[in-house]
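Read the structure below first, then the notes.
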Amino acid sequence: MDHAGFLRTMERALEHELIVRTGDDILSPLGMDAESTLQALLEGRSALRRYEGLWGIPEPFVAALLDTEAVDQALKERFGTKRIEELTPFERMALLSAARAIDRARIDPASERVGFFLSTTKGNVALLERQNRLREEVLPGWSARRIARFFGNRNEAIVVSNACTSGLCAQIAAMRALRSGRYDHAVVIGAEQQSRFIVSGFQSFKALSPEPCRPFDRNRTGLNLGEAAATIVYSRRHNGEVAPGEWVACRGAIRNDANHISGPSRTGEGCYRVLRAILQGVETEQLALVNTHGTATAYNDEMEAIAIDRAGLCGVPVNGLKGYFGHTMGAAGVLETIVSMRAVERGVVLGTKGYAECGVSRPLRLSAEHAHTEARCFVKMLSGFGGCNAAMLFKQGGEL
């Protein structure tokens, strides 16, 4: 068989393979695992708190921060103090989440057929405030390699850092690697640790709300920051091997409308284009919800509303999760994907906490209250600085 024939054979084989979630995990300020986090969400609890004087920042801010002592204790119980003492707090949270997701997926993380993908926007940036740290340790690639090597994996770990879309871009990169046949399993970790550097930066943008954020609400005043680590493991499966309860990553798309370094497109162009790309042939009745970026900033929420309307999705329930645990940046795409999967498994569309009165120009189906759904398919979308936009389509029980 010549090279062209081989490629055609591989393409036909891969057409019958699906990308399936085989394991996941969440570390959030609302819970130290996915189940407790979801339970807190179902109870309507928020982890957002007001902080004054933290990290020497003169201006108070509202955020959702992890219990780092609990993370350290869990790691010590699992791996022992000696193995984790060289890891930074950012690496520790990412590592603990990854280890538990790998357990659930029942894969050998050291295998050459396993790839590691790390989504983060800032990584170890807090180390810049210390004088005794080497510059290379601040780079996300350093952390990604260290995490992969911790599990005995010798493949080159992939870092995806594309502003707020990082968590979806990392999942899409993992899907592409699996579909190419490069790996059989992909461990996608999304993690973010807040710091003086990050909070001060958002304060300089005048983007932070002095109170818990209110996505899509008429009286929204800005976003809140949050910390989290979340991991999703994807595996290649033959179409006939997917069980009814398993989640399939059906499609993903990334577009950049190059509108502005920090301002979203007023027409929602890039966001609309990713929705159009993943929803071809999909009926709105099949969708349980559209989980938005929902930062509670004036321009982002309006842009998403316009894009959703342009995509013909105003009849589909819409929600945003930032009112529960803030904007977790590089972790958001992974964290909110897992939360949406687990909520839909229970037949629930989570309410948008903080929402009371529509503050966008398009008639979205928004509610602060949880709702019931029978559908088993949803869209996750994100947008970020520099005009980047990403969206993914997920379905429980098989391909659309």
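List the lysines whose alpha-carbon lies under 27 Å from that of K76, not counting same-chain residues fewer than 8 positions away?
Candidates past the 8-residue exclusion: K122.
What is the spin-label model distance, in nm, from E112 to L128 if the labels are put 7 Å beyond Cα along the C-beta direction?
3.9
Report in % the part of the accessible area of the stretch 304-347 that belongs to carbon and sulfur, leaving out ligands and nucleic acids; probe 1.4 Å.
After summing per-atom areas, the C and S share lands at 41 percent.
For Cα extents along the principal axes in Å, the choices are (1) 82, 79, 45; (2) 67, 54, 39; (3) 78, 49, 48; which was calculated from the structure?
Looking at Cα extents along the principal axes in Å for this model, the match is (2).
Would you mind calculating the relative contact order of the chain from Cα pairs under 8 angstrom and at least 6 residues apart, reporting the percent as a whole number?
23
Comparing R376, R130, R182, which has the greatest mean-square fluctuation in the GNM of the chain with Cα pairs linked when under 10 Å apart?
Between R376, R130, R182, it is R130 that shows the largest mean-square fluctuation.
Ignoring everything except DSSP H segments at least 4 long, calculate the 222 nm mean residue ellipticity for the chain; use -39,500 (n - 2.57) per segment, divide by total residues, nearest 500.
Theoretical 222 nm ellipticity from helices: -10000 deg cm²/dmol.
If I compute solvent accessible area with a 1.4 Å probe over the protein chains, what percent of it on the stretch 31-72 is carbon and sulfur?
48
With a 10 Å radius around each residue's Cβ, average the other Cβ atoms per peptide and rank 222-229, 336-343, highest first.
Ranking the peptides 222-229, 336-343 by packing returns 222-229, 336-343.
Straight-line reach from K380: which lysines fall under 21 Å, measuring Cα to Cα and dropping same-chain residues less than 8 apart?
List returned: K322, K353, K395.
Specify the inter-centroid distance of the stretch 183-228 and the stretch 303-382, based on alpha-carbon positions, in whole Å.
Measuring centre to centre over Cα atoms gives 16 Å.
Enter the accessible area per residue of the chain (Å², integer; probe 1.4 Å; all protein chains in place).
On a per-residue basis, 41 Å².
On the protein heavy atoms, probe 1.4 angstrom, tell me the percent of accessible surface of the stretch 166-290 carried by carbon and sulfur.
Carbon plus sulfur share of accessible area: 48 percent.
Measuring from label point to label point, each 7 Å out along Cα→Cβ, what is the S180 to E69 span in nm?
My value for the distance between the label points is 4.5 nm.
Need the full-extension length gain, I261 to E43, defined as separation in residues times 0.36 nm minus the C-alpha distance. One decimal, nm.
Stretched out fully, the I261 to E43 stretch lengthens by 74.7 nm.
Name the long-range amide H neighbours of T22: under 5 Å, sequence gap of 5 or more, or other chain; modelled H, no Pro or chain starts.
Here V233, Y234, S235 satisfy the definition.
Between E59 and Y299, what is 0.36 nm times their sequence separation minus the Cα-Cα distance? Round to one decimal in nm.
Value of the extension gain: 84.0 nm.
Amide H neighbours of V348 under 5 Å, at least 5 residues apart or on other chains, H built in the peptide plane: list them.
Counting only residues 5 or more places away or on other chains, the set is T373.
Amide H to amide H under 5 Å from V160: which residues, 5+ apart in sequence or cross-chain, H placed 1.01 Å off N in plane?
L118, S119, T120
Going from most exposed to least, what order do I261, I147 have by accessible area with a 1.4 Å probe?
I261, I147
I want to verify a result. In a Gaussian network model of the chain, Cα cutoff 10 Å, which of these has the top mean-square fluctuation: N291, N319, N256?
N256
Between E137 and F205, with labels modelled 7 Å along Cα→Cβ, what's the label distance in nm to one decimal, could you check?
Each label point is offset 7 Å from its Cα along the Cβ direction, giving 2.8 nm.
What length, rounded to one decimal in nm, is gained on full extension from N219 through to A356, with 0.36 nm per residue of separation minus their alpha-carbon distance?
The N219-A356 span can extend by a further 48.5 nm.
The values are calculated or read from the model by the stated rules, or taken from the named source; none is laboratory data. Please read these numbers as outputs of a predicted model, since none were measured by experiment. Every residue, glycine among them, receives a Cβ derived from its backbone with ideal geometry; neighbour counts consider all protein chains shown. Accessible surface is based on the protein model in full, side chains and every heavy atom, while ligands, DNA and RNA are left aside. Shrake-Rupley method; radii C 1.70, N 1.55, O 1.52, S 1.80 Å.
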